[in-house]
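Colleague: Structure incoming, see below.
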Amino acid sequence: AKHDGRNGFQFYSREMSEQARERETLARALHTAVDENQFELHYQPKLDLGSGRVTGVEALIRWRHPALGMVPPSSFIPIAEETGLIVDIGDWVLRTACAQAQAWQQRWQLGLSVAVNVSPRQFRQHDLPATVRRVLDDSGLAGGLLELELTESLLMHQTDAVIETLRSIKSMGVSLALDDFGTGFSSLSYLRRFPLDLIKIDRAFVAGLASIEADEAITRAIIGMAHALGMAVVAEGVETPEQLAFLQAHRCDAAQGYLLGRPMAAAALDALWQAQRNR
Ligand code: C2E
Ligand code: CA
Ligand code: CA
Ligand code: CA
């Protein structure tokens, strides 16, 4: 609506309020979703590039709305974050993922870890260490099989309080990952200040591997730097054998992506591990 004059402006504000209404509608639907438990978790395998084995999974939330169908997390997580609903949703994700990982551990004894995404508001508003402690106790999952994935924006403020929270979570054996690495601002200082165990290279860089030289250089540099600092590296969004070969050649520790496995329901992974056992 790039019209000049009065009408153009009116059109523009009408469009804005429509957008606001849509958000409002989605926010209300999200409340209902929490009450009626319309969420599911899917799990994407993570492959260890040294052994070639699946060593863990990442839990990814799915919202199955009765009328709208599947709503992608990219369109509701920001609203959940704004409205504060993310705290309840995040608790549910953590509880469900840990219970599932423990069920797999008891059934298959593969030592598979589960990675859970933690959003900034969830991290700030809650006594997260106490929640993690309680969820581990309730599920029986060993802390060593849980990973929390954090984003840079979460680390940006109140550094000392954040470090204390992270230390307290780590003391339970839980690992900490920095998600979407390379997409934020001051990534490098975070690596020095926070007690992180691994870095996930954003798929924006992985996409350019074996084709765009700058992305290859950045990826090599991230891997070298992480290793020098004693951290492991996971590449996300691996879609082609060429990308995988590049990551293997440059000693990336682990990888996730459609090439290696899509996010899937827990039952589908059970079938996979059953098949693995029968081989
Ligand atoms: P993320 O944590 O960076 O998760 C990776 C996203 O990339 C997932 O999208 C995954 O399905 C997708 N993906 C995996 N492999 C490939 C690939 O090879 N190619 C491409 N193009 N995509 C791939 P998804 O599940 O739609 O989640 C989007 C984002 O929503 C996540 O990004 C995360 O930031 C957020 N999210 C998902 N689940 C949760 C949750 O339980 N809690 C919170 N706070 N955020 C979540
Ligand atoms: Ca993630
Ligand atoms: Ca990511
Ligand atoms: Ca992302």
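Read-outs: derived from the displayed coordinates by stated rules, not from any lab. A quick note: this is a predicted structure, and the numbers were derived from the prediction, not measured. Because the Cβ atoms are built from the backbone with ideal geometry, glycine has one as well, and the counts that use them run over all protein chains shown.
Colleague: Tell me which residues come under 5 Å, amide H to amide H, from V57 once H is placed; ignore anything under 5 positions away on its chain.
Modeller: K46, S113, V114, A115
Colleague: Here is a further query. In µm²/s, what is D for the range 145-205 at 37 °C and 0.692 mPa s, where D = kT/(6 pi eta Rh) by Stokes-Einstein and Rh is the Kirkwood radius from Cα pairs?
Modeller: D, rounded to a whole number, is 278 µm²/s.
Colleague: Label points 7 Å out from Cα along the Cβ direction at A99 and A204: separation in nm?
Modeller: Between A99 and A204, the simple spin-label model gives 3.7 nm.
Colleague: When every alpha-carbon pair in the range 196-260 is counted, what percent end up more than 13 Å apart? Provide the component values of the computation, followed by the final result.
Modeller: Numbers: 1149 of 2080 pairs.
Above the 13 Å cut-off, the range 196-260 has 55 percent of its Cα pairs.
Colleague: Let me see the P(r) profile for the range 147-279: every Cα-Cα distance counted, bins of 5 Å, each bin given as a percent of all pairs.
Modeller: Calculated P(r), rounded to whole percents: 2, 10, 18, 19, 17, 14, 11, 7, 2, 0, 0.
Colleague: I'd like the Kirkwood hydrodynamic radius of the range 76-221, using the inverse of the mean 1/r over distinct C-alpha pairs, in Å. Before the final figure, lay out the partial values.
Modeller: On the way: mean 1/r = 0.0613 Å⁻¹.
About 16.3 Å for the range 76-221.
Colleague: Once you charge only the Cβ atoms, +1 for Lys and Arg and -1 for Asp and Glu, what is the size of the charge dipole of the chain about its Cα centre, to the nearest 20 debye? Before the final figure, lay out each step's value.
Modeller: Values: 27 positive and 34 negative charges, 75 e Å.
Result for the chain is approximately 360 debye, rounded to the nearest 20.
Colleague: Just to be sure I understand: with springs between alpha-carbon atoms less than 10 Å apart, which residue in M70, M231, M172 has the highest mean-square fluctuation in the Gaussian network model of the chain?
Modeller: So, out of M70, M231, M172, the one fluctuating most is M70.
Colleague: Now for a different question. Within 15 Å, Cβ to Cβ, of M172, how many net charges do the neighbouring residues add up to if Lys/Arg are +1 and Asp/Glu are -1? Don't jump to the answer; show the numbers that get you there.
Modeller: Working: positive: R133, R134, R167, K170; negative: D127, D137, D138, E147, E164, D197.
Charge balance in the 15 Å sphere: -2.
Colleague: Can you give the helix-only mean residue ellipticity at 222 nm for the chain, where every DSSP H stretch with n ≥ 4 adds -39500 (n - 2.57) and the sum goes over all residues, rounded to the nearest 500 deg cm²/dmol? List each step's numbers first, then the result.
Modeller: Numbers: 12 runs with 149 residues, N = 279.
After summing the helix terms and dividing by residue count, I get -16500 deg cm²/dmol.
Colleague: For the range 21-108, what class follows from the C-alpha gyration tensor (a ≥ b ≥ c being the square roots of its eigenvalues): rounded when a/c is under 1.5, otherwise prolate if a/b is larger than b/c, else oblate?
Modeller: prolate
Colleague: If you line up the Cα atoms of the range 122-165 on their principal axes, what length do they span on each, largest first, in Å?
Modeller: Largest to smallest, the principal-axis extents are 33, 17, 16 Å.
Colleague: Right, here's the next one. Hey, could you grab the Kirkwood Rh for the chain? Inverse mean 1/r over distinct alpha carbon pairs, Å, one decimal. Display every interim value, and only then the final one.
Modeller: On the way: mean 1/r = 0.0493 Å⁻¹.
In the chain this quantity evaluates to 20.3 Å.
Colleague: Taking the DSSP beta bridges in the chain as the whole, what percent of them are antiparallel, to the nearest 5?
Modeller: On the way: 16 of 37 bridges.
Once the DSSP bridges in the chain are tallied, antiparallel ones form about 45 percent.
Colleague: Still on this structure, I have one more. The range 224-276 to the range 109-132: how many Å between their Cα centroids?
Modeller: The range 224-276 and the range 109-132 have Cα centres spaced 21 Å from each other.
Colleague: Moving on to the next point. What list do you get for E149, E18, E242 if you sort them by fewest beta carbons within 10 Å?
Modeller: Values: E149 20, E18 10, E242 13.
Ranking E149, E18, E242 by Cβ neighbours within 10 Å, fewest first, gives E18, E242, E149.
Colleague: Suppose we flag chymotrypsin sites (Phe, Trp or Tyr not before Pro) only when DSSP calls them loop and at most 13 other Cβ atoms lie within 10 Å. Which is the longest uninterrupted stretch of the chain? If you can, show how the numbers build up before the last one.
Modeller: Values: sites that count: F185, Y258.
My reading of the result: 1-184 is the longest stretch.
Colleague: With the chain treated as a Gaussian network of Cα nodes joined by springs under 10 Å, which of A97, A115, A265 yields the largest mean-square fluctuation?
Modeller: Between A97, A115, A265, it is A265 that shows the largest mean-square fluctuation.
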